[in-house]
Every structure is written in C-alpha cells, then in structure tokens.
Amino acid sequence: MIFIPSKTAYIRNDQGKDFAFSDRQRLHMLETVAADHSWMEVSDHELAAARQPRTYDTLCWLRSRGYELELLMGSDKLPELETGWRHVQEIAEEFGFAVMARNDEDVEALIAADPYLHALRPHLHIVRTPAQWQHVSSSAVRRAIAGGCLETVSDMIPPELDGLKEYLHSKETSL
C-alpha cells in the first residue's frame, strides 16, 4: 500500500478542510508508521511537485514506475466521485477503485441506489473491512483535532504516533 500525502495548501484551499499538519509533518508521520509495517510505502511525489498533481496524474506516475494499482477509498467518499473529482472515468477504467466499507454501510446498496455509481460498478472492488477499522477516518481525526475533541478519535491514531497524541493534547487549547 502506497501512501502519498497531498500538499497542505491543496488540503486547506482546494478541499476547504479547516486543519492540516504541514507537508513535512504529515510526511514524517507516515514514514514513522511505515517503518514498522513492511506492507506500507510512503512517497513524497505530490509534495515534491511544483504544483499539486491530480489523483489520476499520480496514479499514472506510479504505473510508469511499474506498479499495478487500484485507488483505495472509504465508502463515505463514493458520493463525491460524481461532482467532486476529476478524471473519475479514467481512474475507473485504467486502475479501478478499492472501496472499504465505513460505519457498517451497505456499499452494494449505496452503489445500486445511485445511477452514477451503478455505472461505475464494474470498476469498484469492494473490500470487506474488519469491524474494528470501519470507523477509522482521517476526516474524523481532522475534525476532532480542529474541535479540540481528540479523545473521541485517539483509537484511530496509530500507536507509532503516541507522541503526536501527547503533542495534540498539549496544544488543544491553541488549535
């Protein structure tokens, strides 16, 4: 699994998210976690680019380096594909989407009820997500940090980042 963080400016300005660590901090956190997991790779491809690449461009870059891939996403993000993403058809046809169920969602029913998603169904590989991981969400962690409610998501932060938990607890009043 390859983790490729986007630029902080993109997260804040283009995605409109109210909290993001710096590029260097997020890359360091991913590298810290990856050091203990042989199945995990980290790339700074998007951070090193002059401007933020689109997801499709990054997937093409990875393919040019010999990777065979699918784009992994949570089922909670499926409704955003139609209006919030670019190059969805190209990603679907050339790479496919691996979709992890979130919050006990019936992903098949979600896809069947939406004509756009239903048309993409041949390119959606549904990953059965173990119950203990269905609630994990970077968006939820970001909201909790911004709202000063870290205790509600501390089980979503990898143990390799225990120092981050302590740091955030000490900074909660200033966030």
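A short reminder: the numbers here are calculations on the coordinates, not readings from a lab. Only a predicted model underlies this, so the values are computations on that prediction, with no experimental measurement involved. Ideal geometry is used to build each Cβ from the backbone, glycine not excepted, and the neighbour counts take in all protein chains shown.
Shape class of segment 48-100 from the Cα gyration tensor (axes a ≥ b ≥ c, square roots of the eigenvalues): oblate, since a/c reaches 1.5 or more and a/b does not exceed b/c. Relative to the Cα centre, the charge distribution of segment 1-41, modelled as +1 at Lys and Arg Cβ and -1 at Asp and Glu Cβ, gives a dipole magnitude of about 180 debye. So if each residue of separation counts as 0.36 nm, and I subtract the Cα-Cα distance between SER154 and SER22, what length gain in nm does that give? My answer for the length gained is 45.5 nm.
Once you have the Cα-Cα distance between SER138 and ARG51, take 0.36 nm times their residue separation minus that, and quote the gain in nm to one decimal.
Stretched fully, the SER138-ARG51 segment lengthens by 29.0 nm.
When the chain is described by a simple charge dipole with +1 on each Lys and Arg Cβ and -1 on each Asp and Glu Cβ, the residue from ALA34, TYR10, TYR116 located farthest towards its positive end is TYR10.
Please state the shape class of segment 15-84: rounded when a/c is under 1.5, otherwise prolate if a/b exceeds b/c and oblate if not, all from the C-alpha gyration tensor. Taking the square roots of the gyration eigenvalues as a ≥ b ≥ c, segment 15-84 is rounded. What you get for the chain, charging only the Cβ of Lys and Arg (+1) and of Asp and Glu (-1), is a dipole of about 500 debye around the Cα centre. Please determine, in degrees from 0 to 90 and to the nearest 10, the orientation of helix 23-34 with respect to the longest principal axis defined by the Cα atoms of the chain, where the helix direction is its Cα long axis. Once rounded, one gets 80 degrees.
In the chain, helical runs assigned H by DSSP with n ≥ 4 each contribute -39500 (n - 2.57); averaged across all residues and rounded to the nearest 500, the mean residue ellipticity at 222 nm is -10500 deg cm²/dmol. Can you match Cα extents along the principal axes in Å to one of these, (i) 64, 34, 25; (ii) 52, 48, 28; (iii) 48, 36, 33, based on a calculation from the structure here? From the options (i) 64, 34, 25; (ii) 52, 48, 28; (iii) 48, 36, 33, the structure gives (iii).
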